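A short worksheet on the structure shown next.
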Amino acid sequence: MKNKKKKRNSNTSEYTGCMICHEDTNREYLLLCENTKYCNHECHIYCCTPVLRSVPDTPWFCCFCDALGK
């Protein structure tokens, strides 16, 4: 499942962490925005609004990319 795979920030060698709580903990619950061309946001499933119960099987887009329709 692509969402579970951790990626690094393209500008640094550091992980970016959750865009809501800014923590890089519980990586198994971090979702990665599928809009890899413009975005590298990550979010824990429990920080999403609405909260997700598990990592989705379908592509996930952060709130910014989702609002822009990217």
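Just a few scattered comments:
- Residue ranking by accessible heavy-atom surface, 1.4 Å probe, largest first, among 24, 66, 57 comes out as 57, 66, 24.
- Amide H contacts of residue 41 (H built 1.01 Å from N, under 5 Å, at least 5 apart or other chain): 33
- Calculated from backbone phi, Karplus (6.51, -1.76, 1.60) coupling profile of the stretch 54-68 in Hz, x at Gly/Pro: 7, 5, x, 7, 9, x, 10, 10, 5, 4, 5, 5, 5, 5, 7
The values are calculated or read from the model by the stated rules, or taken from the named source; none is laboratory data. The model shown is predicted, which means the values in this text are computed figures rather than measured ones. For accessibility, only protein heavy atoms count, side chains too; no ligands or nucleic acids. Shrake-Rupley method; radii C 1.70, N 1.55, O 1.52, S 1.80 Å.
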